[in-house]
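Some notes on the structure that comes next.
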Amino acid sequence: MSSFKEDQVTTRGSIYAPVTGKVIGISKISDNVSELSIRMGLLSGFGIYLPISARVDNVVFNDKDFGTKVTLEDSNDRKIRLFFINSFFKRDPELIVLPGDLGRRQVDIGFYPFGATVKMQVENSEPLVAMNEKVRGGETIIGRYLEE
């Protein structure tokens, strides 16, 4: 991962919304892990974006508890876990990444037809959004790493 560098100094440490939707949950699930839940709209904003520049560490489809799970790891070994909770239509997200892929933040990595809920677990960060706030995937900064 040593060839991996942030290119925009002013937004280093920023975490972007992975999908477009409304924030329906913000919680602390352990001392250093925060969880943010975003409900996507049924008929708009289907894109899935990388919240940080990262390596795709793992992709799990059809997990009985979470549906689809993607684990990302940045150059500082910080992990972000994305959980795609199936919607009423029981559709899985269409992803174009595999474990080991590298990607820059804000890059489109797939789409989620008919939306659903996306939970994002982030280590050592502070949320910058509030409950019921609308966010745009790949555009809205939803958090920052504490050590940046």
Can you name the residue in the stretch 123-142 that is of a type in the set (A, V, I, L, M) and in contact (Cβ under 8 Å) with a residue 40 or more places away in the chain and, of all such residues, is nearest to residue 104 (Cα to Cα)?
-> 141
Any idea which of 24, 52 is assigned to a loop (DSSP other than H, G, I, E, B), out of contact with any helix residue (DSSP H, G or I) (no Cβ under 6 Å at 6 or more places or on another chain) and either without any contact (Cβ under 8 Å) to a residue 60 or more places away in the chain or farther than 18 Å from residue 100 by Cβ (or both)?
-> 52
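Of all residues in the stretch 118-148, how many are of a type in the set (A, V, I, L, M, F, W, C) and either in a loop (DSSP other than H, G, I, E, B) or out of contact with any Leu (no Cβ under 8 Å at 6 or more places or on another chain) (or both)? Can you show your working first?
Going through the stretch 118-148, the residues of a type in the set (A, V, I, L, M, F, W, C) turn out to be 118, 120, 122, 128-131, 135, 141-142, 146.
From the residues that got through so far, the ones that are either in a loop (DSSP other than H, G, I, E, B) or out of contact with any Leu (no Cβ under 8 Å at 6 or more places or on another chain) (or both) too are 128-131, 135, 146.
Residues meeting the conditions: 6.
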Residue in the stretch 67-117 that is modelled with the lowest pLDDT, counting only those that are part of a strand (DSSP E or B) and in contact with a Phe, Trp or Tyr (Cβ under 6 Å, 6 or more places away or on another chain) = 67
Would you check which residues across the stretch 70-84 are within 10 Å of the chain's Cα centre (by Cα) and touching a residue at least 24 places away in the same chain (Cβ under 8 Å) and list them?
-> 70, 80, 81, 82, 83, 84
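The values are calculated or read from the model by the stated rules, or taken from the named source; none is laboratory data. Source: prediction; values computed, not measured. Note that we place each Cβ from the backbone using ideal geometry, even for glycine, and neighbour counts take in every protein chain shown.
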